[in-house]
Amino acid sequence: MNRHPKVGRLCVVVGSALVLSACASSGKMPSEDLTAAKSAVQQAEAADARDFEPVMLNNAQNKISDAQELIDAKKYDDAEMMLEKATVDAQLAAAKSETQKAQNAVDEINRNIEQMRQRINAEQQ
C-alpha cells in the first residue's frame, strides 16, 4: 500500500515536468531574430569576413541553420537564443574584418612613408 502514493507522486512530478517543458518551448516564432541574424551575416560578408574571419562567419551561419532546425521543432525560445548568438558572431566577424582592413591600410601608409623617407635620404646624400 505504501507504493501507490509514491507512484502517484511520481506521476504528478513527471506530468508536471512534461507540461513545463512544453510551456517553455511555446514562445512565438523568432521571425525578427532570424531576419536580423541573416542580415548580420550579409553585412559581415560585405565587410569581407569571408576573407578575414571565415571561421567566425561560418559559426554564425551554422548557428542560423541550427536555429532553423529548432524553429522546425517549434523550440522557439531555444531558436531565439541561437539566433541572437549568430547575430553577435556575425557582427563580431564584420567588426574584426573592418579592423583588419583598417590595419592593412595603416600598414600600407606606413610602408609608403618609409619608402618616401628612404628616397629623401638617398637624394640628400
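Each value in this text was obtained by applying a stated rule to the coordinates, not by laboratory testing. What you see is a predicted model; the values in this text were computed from it and never measured. Cβ: placed from backbone, ideal geometry, glycine included. Neighbour counts: every protein chain shown.
Of all residue pairs spaced 6 or more apart or on separate chains, those with beta-carbon atoms under 6 Å, a first member in the stretch 80-109 that is more than 20 Å from residue 46 (Cα to Cα) and a second member that is in a helix (DSSP H, G or I) are 80/33; 82/63; 82/66; 82/67. For the stretch 66-125, filtering for residues that are hydrophobic (A, V, I, L, M, F, W, C) and not in a helix (DSSP H, G or I) leaves 1.
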